[in-house]
Structure formats: structure tokens, C-alpha cells
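Trainee: Have a look at this one before I ask anything.
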Amino acid sequence: MLDIEKIESGLQELHLRESDLSAVIKESVESFKPQAEEKGVRFYLDIAHPLPCIVDEDRIKQVFTNLISNALRWSPPGSTVEISAERRNGEIISEVKDRGPGIPPDEQSKVFERFYKKSRDGTGLGFTIAKGIIEAHGGEIGVISDGKNGATFYVRLKAENRAVAQQSSRAVALRS
């Protein structure tokens, strides 16, 4: 709840520095390998390397941990969770795709709202926090699903250069 309050008040503090987003995503995936093996779900990674960008690594890892946990929860045994990331047109675009039941089109715009959890379980806060973190980074997060064949959550972040990273290595408070 404190994360939500900080996000909504615009007082979320980010510790920005140049990071390799591919390493952050891979570290998040590694933390779920035991759960995936136990459930019989495989991870398929299609992640470009390196993917330099200026982010708060801990906060971005929190986003991917949420997305991967959700994908693992909803993917049935024997299926694959696909995770991709690439640099395209000055952005880093990443996706986490599950093989679950999908999210009905009329619910997709609501999944990022606080406490919304109609068709999926959980507290209804994880996606809200993820959205606040990504927006505080100047990025975008969303979901695509036909409502039947899984869901793909995507994250778009600006890819920054090293000169900007050196100027942005201090803690900053951003308004979301």
C-alpha cells in the first residue's frame, strides 16, 4: 500500500543509473525457475543483449517479477511462458506472454486499476504498482489478449545513451 500511495502522490523515488535491461529481465526469470520446473512450465527467452537504458533496477525488476509471476500462475502445466525484449526505434520493448485463459477485452483496460481482480486472483495491486513504476520511468505498460488464448503484457521504455546515464545517476523524485 505504501508503494501505491507514493506512486499516486508523485513521491516515488527512483535511483536512476545506466543498466542492462536484458540482465535485469534474466535475473527475474532465474528467480522463478524452481517454481516453473515444479509446475512443468518452461521459459522461452528471446532477449537481445545488451539492452542499455537508464532505470531504477530494483523497481524495474519489481515490474518483471510481477509480470513473470502472473504469467507462471496462469500458464498450465506443459506450456511455455515467452519473454522477449529488443531495442526498436529508440525504445526497449519487452513482452511477457502466458498461455492461460486470457483476459476478456472488456477487462483489459481495468487490470491496472487498484484492487481490480475480477477474472484473475491476487490482491489487485501488482499491476497498479507496475504501471506506476513504468510511467515514472516515462514508459508504457499494457496488455493484449483475445480473451481466450493467454495474455501478453508489454513494457516500453526509452533507450538512453551513456552521456545521459552519467547525468542521471542521482536519486530523483518523479511525478507519475
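Trainee: Filter the stretch 28-57 down to residues that are part of a helix (DSSP H, G or I), more than 18 Å from E160 (Cα to Cα) and under 16 Å from the mean Cα position of the chain (by Cα), then give me how many there are.
Mentor: 5
Trainee: On to the next question. Within the stretch 1-35, which residues are buried (at least 17 other Cβ atoms within 10 Å of the Cβ), modelled with pLDDT of 95 or more and either over 21 Å from F153 (Cα atoms) or touching a Lys or Arg at 6+ places or on another chain (Cβ under 7 Å) (or both)?
Mentor: Scanning the stretch 1-35 gives V24, S28.
Listed here are the residues, each with its yes/no results for (1) at pLDDT below 95; (2) closer than 29 Å to A159 by Cα; (3) more than 15 Å from the chain's Cα centre (by Cα); (4) of a type in the set (D, E).
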{"residue": "S84", "(1), (2), (3), (4)": "no, yes, no, no"}
{"residue": "I92", "(1), (2), (3), (4)": "no, yes, no, no"}
{"residue": "R120", "(1), (2), (3), (4)": "yes, no, yes, no"}
{"residue": "H137", "(1), (2), (3), (4)": "yes, yes, no, no"}
{"residue": "E140", "(1), (2), (3), (4)": "no, yes, no, yes"}
{"residue": "G147", "(1), (2), (3), (4)": "yes, no, yes, no"}
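Trainee: Moving to a separate point now. So which residues in the stretch 90-109 are part of a loop (DSSP other than H, G, I, E, B) and either buried (at least 16 other Cβ atoms within 10 Å of the Cβ) or of a type in the set (S, T, N, Q) (or both), if there are any at all?
Mentor: Answer for the stretch 90-109, where residues must be part of a loop (DSSP other than H, G, I, E, B) and either buried (at least 16 other Cβ atoms within 10 Å of the Cβ) or of a type in the set (S, T, N, Q) (or both): D98, R99, G100, P101, G102, I103, S109.
Trainee: Next question, about the same structure. For G78, work out the one condition from (1) farther than 19 Å from G139 by Cα; (2) surrounded by 16 or more Cβ atoms within 10 Å (Cβ to Cβ) it doesn't fulfil.
Mentor: Against the list (1) farther than 19 Å from G139 by Cα; (2) surrounded by 16 or more Cβ atoms within 10 Å (Cβ to Cβ), G78 comes up short only on (2).
Trainee: Quick check: anything in the stretch 62-70 in contact (Cβ under 8 Å) with a residue 24 or more places away in the chain, of a type in the set (F, W, Y) and within 19 Å of G138 (Cα to Cα)?
Mentor: Yes.
The values are calculated or read from the model by the stated rules, or taken from the named source; none is laboratory data. Source: prediction; values computed, not measured. Glycine also receives a Cβ, built like all others from the backbone with ideal geometry; neighbour counts cover every protein chain displayed.
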